[in-house]
Amino acid sequence: MCGAFGSCNSMSSPICSCLEGFEPKNTEEWNRQNWTSGCVRRTPLQCERVNTSGEAGKMDGFLKLSLMKVPDFVEWSAAQEDECRQQCLQNCSCIAYAIDSGTGCMALTQTLIDTQKYSNGSGVDLYIRVAHSELDTNGDVRKIVTITVIIGTIFISIFAYLLWRWIAKHKASRKKEKEILMFNREAHKKFPSEDMLGDNLNQVKVQELPLFDFVKLASATNNFHESNKLGQGGFGPVYRGKLSDVQEIAIKRLSKTSGQGVEEFMNEVVVISKLQHRNLVRLLGCCVEGEERMLIYEYMPNKSLDAFLFDSHKEILLDWIKRFIIIEGIGRGLLYLHRDSRLRIIHRDLKASNILLDKDLNPKISDFGMARIFRRNEDQANTNRVVGTYGYMSPEYAMEGRFSEKSDVFSFGVLLLEIVSGRKNSSFYHDEQSMSLLGHAWKLWKANNIVALIDPLISEPCYEMEILRCIHVGLLCVQEFAKDRPTASTVISMLKSEIVDLPRPKKPAFTERQIGLDTESSKLSQRKCSVNNVTISMIQGR
């Protein structure tokens with residue numbers, strides 16, 4: 001019905017079609033559904049062109065037709081598939097071949113008629129010989145186009161993503177710069193830069209510090225979970241965090257309810273960002289996003305000195321050798337702040353809780369929120385806002401607001417006596433005999449019983465002279481008048497015994513209670529007031 005090189009499929013309409021690589025011999029008849037004239041090749045085979053015109057071309061190939069009924073006139077052989085294909089390719093009269101698992105190779109050398117397409121699982125794969133140009137290169141082209149489109153889409157997506165990230169980062173950077181600019185303006189309003197920081201404020205910029213993303217810090221601290229909280233200070237809570245590169249950090253977050261604010265935050269950034277010393281805690285960066293203000297420091301695994309010194313369980317870990325190393329380290333850090341750094345710094349809040357300890361119990365001075373920068377020609381300054389911790393403040397600073405290097409030396413002296421005695425300066429509050437640790441030490445000094453001040457845990461005869469020298473130096477540091485106190489460099493020389501003959505200390509500050517005087521003045525003030533104990537309320541309409 002379908003003629004030569006036609007294929008019959010009862011399930012399709014029309015039921016006749018030409019084999020691939022062939023076209024209707026008579027198109028008009030074919031359109032009238034008269035298919036008996038059959039089909040002819042669109043392109044002559046390569047072997048036919050060589051035989052007739054001597055023109056060579058690319059090798060012929062085979063197109064695969066699945067589920068086909070093979071014509072009855074075939075030449076059978078036992079050749080395998082590759083051999084069958086090669087035999088048909090070498091024989092120009094072979095126009096098709098098929099492989100049957102039961103009978104072997106079937107070669108067709110005559111015109112194909114009675115070729116039928118099965119719709120069920122019967123039939124075999126029929127390979128029709130066609131010219132090279134008729135091979136299914138469209139499928140390869142489709143594959144190439146598909147792969148090219150996929151790869152192109154991937155590259156375009158990656159490029160678009162990177163461009164989006166860059167734009168987002170650029171916008172975030174511009175937003176941060178704008179926030180920092182506004183922050184700097186706000187800080188400059190609160191900073192009397194000429195009086196407080198001088199020309200050094202312009203030398204240190206917040207932009208020079210690495211800026212951390214709030215989201216990254218929140219992730220590092222498990223959203224600032226309570227389990228990661230290291231402590232709470234006047235500035236706000238401090239959290240332990242771990243960055244993606246396994247680096248441990250301490251995050252100091254300004255609390256909205258804190259008594260401190262933008263002034264202390266900006267001050268700490270300005271001061272410590274340019275300081276590098278083994279006995280100063282290292283500032284890694286800051287975060288300024290919206291209302292968030294955070295400082296990122298290196299993590300100190302052993303927390304602060306007071307956690308060891310005033311803890312009956314941990315105090316045992318601090319033998320005299322470790323305590324002396326801590327004393328020397330604090331002294332070297334203080335000397336660096338006063339003399340060796342390019343900015344002269346007065347810390348103003350030196351105390352045991354602001355001395356952090358690394359894994360080897362080496363001390364690092366921290367918390368520069370109260371620090372002040374001095375010009376090179378300045379020796380002291382005044383402030384209307386006295387900040388710090390009572391018990392560590394020098395008398396001229398606590399009473400008159402005057403501070404200098406000698407103010408820090410006074411705080412260092414208090415700290416030194418606490419380290420030697422193992423007692424807080426404020427632990428004598430309810431002691432009727434002494435107002436403070438300084439008063440207690442002074443009484444023992446005058447009674448020639450200063451050995452009684454030494455912490456029993458470190459009281460060893462082989463170290464006694466060195467400990468007594470430290471107490472002597474401590475008493476020299478806490479003398480009432482600033483002019484009598486040694487400088488930080490002299491303190492270091494004294495501790496190292498480079499200065500053998502130490503001067504006799506004068507009376508320390510805050511050594512006596514004024515209970516009696518206070519009581520008398522209270523009674524006197526009461527006598528000056530009205531003795532009428534009756535109160536009268538007058539109700540008036542508003």
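The values are calculated or read from the model by the stated rules, or taken from the named source; none is laboratory data. Everything numeric in this text was worked out from a predicted model, so none of it was measured. Positions of Cβ are backbone-derived with ideal geometry, glycine not excepted, and every protein chain shown enters the neighbour counts.
The set of residues from the stretch 496-510 being surrounded by 14 or more Cβ atoms within 10 Å (Cβ to Cβ) and either part of a strand (DSSP E or B) or out of contact with any Leu (no Cβ under 9 Å at 6 or more places or on another chain) (or both) comprises Ile499, Lys507, Pro508.
Can you tell me which residue within the stretch 446-467, out of those that are not hydroxyl-bearing (Ser, Thr, Tyr) and not in a helix (DSSP H, G or I), is nearest to the chain's Cα centre (by Cα)? That would be Asp455.
In the stretch 81-97, is there at least one residue being β-branched (Val, Ile, Thr) and either farther than 21 Å from Glu134 by Cα or at pLDDT below 85 (or both)? No: zero hits.
Screening Arg293 with (1) within 27 Å of Val414 (Cα to Cα); (2) touching a residue at least 40 places away in the same chain (Cβ under 8 Å) gives one miss only, at (1).
A Cβ distance below 7 Å, combined with a sequence gap of six or more or placement on separate chains, defines the contacts here; from the stretch 471-488, residues that are over 27 Å from Ile458 (Cβ atoms) reach residues that are surrounded by 24 or more Cβ atoms within 10 Å (Cβ to Cβ) and among the hydroxyl-bearing types (Ser, Thr, Tyr) in the pairs Ala482/Ser394.
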